[in-house]
There are 2 protein chains.
Amino acid sequence: MNTPTRHHCIRTMKKLLETIEKALHAEGYPSRPEGLYEPVDYVLSSGGKRVRPMLMLLSYKLYRDDVDAILPAAVGLETYHNHTLLHDDLMDRADMRHGRPTVHRRWDDNTAILSGDAMLVMAFRRVMRAGCANRERLLSLFARTAEEVCQGQQYDVNFERRTDVSEAEYLEMIRLKTSVLLACAAAMGAIGAGAPEAEVRSLYRFAECLGLAFQIEDDYLDVYGDAAVFGKRIGGDILCGKKTFLLVGALARADEATRRELLACLADGEMAAEEKIARVTSVYDRLGMAACCRAQIETYHAEARALLDALPVAEARKAPLRAFAESLSGRKS
Amino acid sequence: MNTPTRHHCIRTMKKLLETIEKALHAEGYPSRPEGLYEPVDYVLSSGGKRVRPMLMLLSYKLYRDDVDAILPAAVGLETYHNHTLLHDDLMDRADMRHGRPTVHRRWDDNTAILSGDAMLVMAFRRVMRAGCANRERLLSLFARTAEEVCQGQQYDVNFERRTDVSEAEYLEMIRLKTSVLLACAAAMGAIGAGAPEAEVRSLYRFAECLGLAFQIEDDYLDVYGDAAVFGKRIGGDILCGKKTFLLVGALARADEATRRELLACLADGEMAAEEKIARVTSVYDRLGMAACCRAQIETYHAEARALLDALPVAEARKAPLRAFAESLSGRKS
């Protein structure tokens, strides 16, 4: 991509992000009842990359330029995503999100439950306000996806108690928990713009692949990342015994002795954090998990690229979506 | 109403209730992921009077007989109602519901949060499956109502910390927390049947009045009811210091000394339950709160009756809805 096109893409992305931020706060919130909408505003003001609304608008812009028509749906999807963060943080008893106390820490558990419920309802109401084509289809894809995300979250919870999770099960869990929402975003953009069915399906799978790659990269960076760049403490997943792609893959690949060593190490409540991270990482190293992750990530990226390449839309229209997809995987290892 | 008509109404109500129960369980639930749908099935199997779907179908039957067309929406509204019970029970730390342990007691808090979220999504999906007229209007009324119910719940929470709640504020809280959902049910039935706008509005207010009367009667029966008939322990609201219509009304009517006496009595953690109930009841008696409740209930019933009387629909078609409305207020004091 030559320099002007690259600048054009960055400008397009920046403008869309501004449009989304403005729309997210354009409506304001009722001042009453006290306590219901403050947490909603708090959560939706905490920034983030707005990946889902960006994907929806960039996908819409493959076909049409009047993004205002689908903007309420983009805001609705972001509202939905933040509802899941709010309730997931409560369930995980997480203290911080985007550098600020989580809602149940800043307020209390009941506020988190009720404001989260309100956000889920508001998400539907916002999607319903879209002025684009095929609103009923948008809504029905969104609703199906929201149920799938609940399924993914439940699988994640169930995996905590299991040591026999297969790679296929793990991939299906992250697909449901995080990737289908990205896929839904991209497909909604195409549906709202009136794209042909085959292209809607391509864009769905395109974003699903991006989501799968992103999630595995997240697991990878927790072990092999640069803490300063990654923005999280290295080894956090190891310390909390999270079923990541590395752990699931290592348990599947290891011989029985290594498997026992790995599980004993993770279950050891006495072991110092640094030692635990070092020992688990050394098992991952022995089993070649870093290369295995990178190969899996590259497989998904290649599939995503191929789908976007094959999409019968002018290359100039694809450039911003392509640039955005690349920016998602640009995190330093 | 003569005997054959009465029998006809009872038969109609019984048949509709069977239709609803069957539809609630017709679809079945995915077996996986384990743990997500069991609580949903558990909650939706626990019986109850199915007041909201009954109101929707009876309202629809004022105009049309093909209730199957709107049945998914009726099931959706019942699913939504049970979502609110599930999350409210969690927030109130209630142990029992319909004679069975609540979801967070039988499973755990996180299961209650996530299954409750799934039910809210499923409620939307079920309403979307209605095959009747004006589906988009149904959905948008349902979504608006669901947000209002969150507002009502938040007002209720906020009232716990206040001693200066006015009667008007109390009535607005119960309107939002419980009555708008009954109103929504009746209006959805009319909308789905293609009723004229003015009649939709009449039926909305009709059911809203029923809901308001029912809620005040609930408060009344907690103090003046017959425990055996009411099915709850008398004085429960007094013991937990709940802001009921009686308490709010008594605090508004009392002179300063009585007000202080009432608040001190309710705040007294040492006082025996029987004494507390007796003393608060004696204040209510002195202030004439029983008559005051009965008058307010009758006002709402009269408004509901007048609205149904004035509805330009054949009397024979109104009879089942009228009988159902009467059955809602038939509880013995």
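The values are calculated or read from the model by the stated rules, or taken from the named source; none is laboratory data. Fair warning: this is a prediction, and the values are worked out from it, not measured in the lab. Every residue, glycine among them, receives a Cβ derived from its backbone with ideal geometry; neighbour counts consider all protein chains shown. All accessible areas refer to the heavy atoms of the entire protein, side chains included, with ligands and DNA or RNA removed. Shrake-Rupley method; radii C 1.70, N 1.55, O 1.52, S 1.80 Å.
Within region B:104-113, the set of residues being among the hydrophobic types (A, V, I, L, M, F, W, C) and open to solvent by 10 Å² or more (accessible area, probe 1.4 Å) comprises just one member, B:W107. Cβ separations smaller than 8 Å between residues 6+ apart or across chains give the following pairs from region A:110-136 residues that are on the phi > 0 side of the Ramachandran plot to residues that are surrounded by fewer than 22 Cβ atoms within 10 Å (Cβ to Cβ): A:N134/A:G194.
For region B:175-185, the condition of being touching a residue at least 60 places away in the same chain (Cβ under 8 Å), of a type in the set (D, E, K, R) and closer than 23 Å to B:R50 by Cβ holds for none of the residues. When the criteria are applied in full, B:F206 meets the requirement of being at pLDDT 95 or above and either open to solvent by less than 40 Å² (accessible area, probe 1.4 Å) or within 24 Å of B:L57 (Cα to Cα) (or both).
Selection over region B:121-141 of residues that are surrounded by fewer than 24 Cβ atoms within 10 Å (Cβ to Cβ), within 30 Å of B:L171 (Cβ to Cβ) and at the interface with chain A (Cβ under 9 Å from one of its Cβ atoms) gives a count of 2.
Screening B:R161, B:R144 for residues that are without any contact (Cβ under 8 Å) to a residue 60 or more places away in the chain, under 22 Å from A:E38 (Cα atoms), surrounded by fewer than 18 Cβ atoms within 10 Å (Cβ to Cβ) and within 19 Å of the chain's Cα centre (by Cα) leaves exactly one candidate, B:R144.
The set of residues in region A:88-103 being surrounded by fewer than 17 Cβ atoms within 10 Å (Cβ to Cβ) and either outside any helix (DSSP H, G or I) or more than 18 Å from the chain's Cα centre (by Cα) (or both) consists of A:R93, A:A94, A:D95, A:M96, A:H98, A:G99, A:R100, A:P101. Looking at B:G249, B:G241, just one residue is within 30 Å of B:D164 (Cα to Cα) and part of a loop (DSSP other than H, G, I, E, B), and that residue is B:G241.
Among the residues examined, B:V200 qualifies as in a helix (DSSP H, G or I) and more than 8 Å from chain A (Cβ to nearest Cβ).
The residues of region B:22-48 that are of a type in the set (A, V, I, L, M, F, W, C) and either more than 14 Å from every other protein chain (Cβ to nearest Cβ) or in a helix (DSSP H, G or I) (or both), listed by number, are B:A23, B:L24, B:A26, B:V40, B:V43, B:L44.
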